[in-house]
Amino acid sequence: MTVTKLAVISDVHADVHALRDALTQIDRIGVERVLCGGDLLDYGLFPEETLMLLGERKISCIRGNHDRWATMSGADMSGWHLTERSAGFLDSLPSYWRKLINGVRIVLTHARPESDMRGIAPDAPDHQLIELLGEAGADVLLVGHTHIPFSRRLPDGRLVCNPGALLRDPAPGVEVPTPGTFGILGIADGNVTFEIRRASDGRLVGDG
């Protein structure tokens, strides 16, 4: 049985140290591809280093609301002015990622498919998740934005998952959830699993 593994990170928020730690664990696990669900900037102290590492590792990134704001203003909300290279990188990001893998339709969006500002709550009712999966045309919908990790399996086997924010060490005074987690999506013969792991040591903190 062939298992395809994807690593899913989101809401890095310029925390390059958490990103490095997560990539170390992801390399140890072994995956076919690393996906990033957006919000690469703000809250953290290392925007340029974070964007450079994401680019060097050729991580498949999409645009979050913080990235969209930064491209509009030329600086992130923390006051860091973007270099021409970083601005170009952010401007090139798509709003979603989609791929058919082993017959499973995988879609990554930052928040809801129709809005990068409307997050999905971990306790959203099943009927709402079914509607969102239909809107995305997905069997697995991967999201970020809320910073809260979760994995919800519907009665028909489809999944809506959030790896949580990779952000772990924000700038002083920033008060947002900082779980420092990432996800591992496994696909084998139509069966899909989602694990949530800690960036610091790769330990499992939840699964679906």
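Bear in mind that the values in this text are calculations on the coordinates, not laboratory data. All figures in this text were calculated on a predicted structure; none of them were measured in a lab. So basically every Cβ, Gly included, is an ideal-geometry build from the backbone, and we count neighbours across all protein chains shown.
Observations
- With a Förster radius of 25 Å applied to the C-beta separation of Val174 and Ala121, the computed FRET efficiency comes to 0.70.
- Taking Met52, Met72, Met117 and counting other C-beta atoms within 10 Å, the order from fewest to most: Met72, Met117, Met52
- For P(r) over Cα pairs in 10 Å bins from 0, in percent, the value calculated from this model appears in [x] 9, 39, 37, 14, 1; [y] 8, 32, 34, 20, 6, 0; [z] 9, 36, 33, 16, 5, 0 under label [x].
- For region 38-75, trypsin sites (Lys or Arg not before Pro) meeting the loop criterion (DSSP other than H, G, I, E, B) and having at most 12 other Cβ atoms within 10 Å: Lys58.
- Cα long-axis angle, helix 47-56 against the chain (0 to 90 degrees, to the nearest 10): 50
- Computed on region 4-207, with alpha-carbon pairs under 8 angstrom and 6+ residues apart, the relative contact order is 24 percent.
- Net lengthening on full extension, Glu48/Ala188 (0.36 nm per residue, minus Cα-Cα): 46.7 nm
- The modelled label-to-label distance between Ser200 and Lys58, using points 7 Å beyond Cα along the C-beta direction, is 3.3 nm.
- The amide H of Ile148, built 1.01 Å from its N in the peptide plane, has Ala165 as neighbours under 5 Å, considering only residues 5 or more places off or on other chains.
- Here the chain is scanned for GluC sites (Glu not before Pro) in DSSP loops (not H, G, I, E, B) that have at most 13 other Cβ atoms within 10 Å, and the longest stretch holding none of them is 33-113.
- Under the simplified labelling scheme, the Arg153-Met72 pair shows an inter-label distance of 4.0 nm, with each label point 7 Å from Cα along Cα→Cβ.
- Sequence-ordered 3J(HN,Hα) estimates for region 86-103 from the Karplus curve with 6.51, -1.76 and 1.60 and θ = phi - 60° stand at 5, 4, x, 4, 5, 5, 7, 6, x, 8, 7, 10, 9, 7, 8, 10, 6, x Hz, glycine and proline given as x.
- Around the Cα centre of the chain, unit charges on the Cβ atoms of Lys, Arg, Asp and Glu (plus for the first two, minus for the last two) sum to a dipole of about 520 debye.
- Our helix-only sum for the chain, with -39,500 (n - 2.57) per DSSP H run of n ≥ 4 divided by its residues, gives a mean residue ellipticity at 222 nm of -7500 deg cm²/dmol.
- Per DSSP, loop trypsin sites (Lys or Arg not before Pro) in region 79-124 with at most 14 further Cβ within 10 Å: Arg118
- Any cysteine of the chain lacking a neighbouring Cys Cβ under 4.7 Å - listed by number: Cys161
- Restricting the chymotrypsin sites (Phe, Trp or Tyr not before Pro) of region 125-205 to loop positions (DSSP other than H, G, I, E, B) with no more than 11 neighbouring Cβ atoms within 10 Å leaves nothing.
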